[in-house]
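Nothing in this text is a laboratory measurement; each read-out follows from the coordinates by a stated rule. Every value quoted in this text rests on a predicted model; they were computed, and no experiment measured them. No Cβ is skipped: glycine too gets one built from the backbone with ideal geometry, and neighbour counts run over all protein chains shown.
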Ligand SMILES: Nc1nc2c(c(=O)[nH]1)N[C@H]1C(S)=C(S)[C@@H](COP(=O)(O)O)O[C@H]1N2
Ligand SMILES: [Mo]
């Protein structure tokens, strides 16, 4: 018999207590940055536990090899969005630009206005993660992180920094913005690691 089960009951795709949305909610703390000239107002810094840090211009970032990936995203506030098509720079292309020191075990993503998100280095490096500039065939809108956002689909979507401006390699884990505000240090949606006490 053919069943037309609601997407929420597809437990292989949707983590516990999440609802599938076909919209694309906008969620962040603070203002949406406005840029008039990326060449002068924007750069991307790779620093911390690396042999030699680098700072790239927007043009240099956009000249890196590109990829397209499709994934599902899960926001801690309870919505999931399936089959997102992202275009961007694979995480490995960014990491190739520096020599990461062996002591590095965590990363901190740095976004506009000092916003941050932390994660283990191994999670950051997962194939499929990318620094995206397109979603479903369109340039990211400013609200969704243009000109560049990180996408790490296996953790709650708050780890996917919008308006990302840098990556810092660290020996010890440190709280990012939402983690300081009570969210979980890791944030696995399948284990419902929403808050620090979960
Ligand atoms: N720079 C920045 N990135 C951020 C956030 C933020 O507050 N600032 N919020 C996170 C949260 S909680 C979510 S759910 C997603 C939302 O992305 P969207 O607005 O594109 O749906 O962005 C994440 N990235
Ligand atoms: Mo979120």
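A few points about this structure:
- Per residue, the chain reaches -2000 deg cm²/dmol at 222 nm when only DSSP H runs of four or more residues are counted, each adding -39500 (n - 2.57).
- Extension reserve of the residue 41-residue 55 stretch, reckoned as 0.36 nm per residue once the Cα distance is removed: 3.7 nm
- Column: log10 I(q)/I(0), Debye, Cα scatterers of segment 30-158, q = 0.10, 0.17, 0.22 Å⁻¹: -0.32, -0.98, -1.67
- Extended-chain gain in nm, criterion 0.36 nm per residue less alpha-carbon gap, residue 175 and residue 188: 3.1 nm
- Extension gain, residue 97-residue 29: 0.36 nm per intervening residue step, less the Cα-Cα distance, totals 21.4 nm.
- When only Cα pairs below 8 angstrom with a gap of at least 6 residues are kept, segment 103-196 shows a relative contact order of 35 percent.
- Expressed to the nearest 5 percent, the antiparallel share of DSSP beta bridges inside the chain is 80 percent.
- Residues of segment 146-174 falling in the label zone of residue 21, defined by backbone nitrogen less than 16 Å from a point 7 Å along Cα to beta-carbon, are 156-160, 162.
- For segment 1-154, the relative contact order works out to 21 percent when only alpha carbon pairs closer than 8 Å and six or more residues apart are counted.
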